[in-house]
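The values are calculated or read from the model by the stated rules, or taken from the named source; none is laboratory data. Computed from a prediction, not measured in an experiment: that's the story for all the values here. Note: ideal-geometry Cβ built from the backbone for every residue, glycine included; neighbour counts use all protein chains shown.
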Amino acid sequence: MKFVRETHSSLTIHQVDEGVIRIGDGEIRENVVLFRDTIERGWMVDDVSKLVESDFATLIEKSPEIVIFGTGWTPKLPPRDLVFALARRGIGFETMDTPAACRTFNVLISEDRDVAAVLLINSMDP
């Protein structure tokens with residue numbers, strides 16, 4: 001019997017290292033937002049503690065069920081106001097380090113969940 005892995009998304013993160021995420025045959029070396037089937041490159045953030053709802057405007061338009069926020073190698077907490085603003089829109093928001101966010105994104109898309117991952121690569125701490 002042959003087993004075939006069912007895929008629910010064209011994006012699966014294969015590896016994450018400091019400064020690079022590998023998806024399929026490609027490498028991403030910049031902050032990125034991943035959706036089930038799209039990649040939005042170049043998401044910029046200077047300070048996680050100063051994020052506001054408008055920083056997530058493009059993401060909010062797509063109305064994901066949940067946002068996984070990878071803050072680099074060290075978890076950092078975003079402002080509570082941001083988390084509450086997304087919750088009022090019915091969007092869950094989970095914060096973790098980027099490697100954990102990559103693993104969580106893969107699990108959620110394998111479960112056919114409507115998820116977005118905001119992954120900070122360029123601001124990773126050693």
Given 70, 90, which one is within 20 Å of residue 115 (Cα to Cα) and exposed (fewer than 11 other Cβ atoms within 10 Å of the Cβ)? 90
Under the condition of being modelled with pLDDT under 90 and among the charged types (D, E, K, R), which residue from region 18-40 is nearest to residue 119 (Cα to Cα)? 18
Could you look through region 52-67, keep only residues that are acidic (Asp, Glu) and surrounded by 14 or more Cβ atoms within 10 Å (Cβ to Cβ), and pick out the one that is nearest to residue 84 (Cα to Cα)? 53
I'd like to know if region 7-14 contains one or more residues that are over 20 Å from residue 110 (Cβ atoms) and modelled with pLDDT of 90 or more. no
Residue 81: passes all of (1) closer than 29 Å to residue 18 by Cβ; (2) at pLDDT 95 or above but (1)
Filter region 17-37 for residues that are in a loop (DSSP other than H, G, I, E, B) and surrounded by 12 or more Cβ atoms within 10 Å (Cβ to Cβ) and give the result. 18, 19, 30, 31, 35, 36
Mind listing whichever residues of region 73-85 are within 17 Å of residue 119 (Cα to Cα) and of a type in the set (A, V, I, L, M)? 77, 82, 83
Failed condition for residue 95, given (1) part of a loop (DSSP other than H, G, I, E, B); (2) at pLDDT 95 or above: (1)
For region 30-75, name all the residues that are within 14 Å of the chain's Cα centre (by Cα) and basic (Lys, Arg). 36, 41, 62
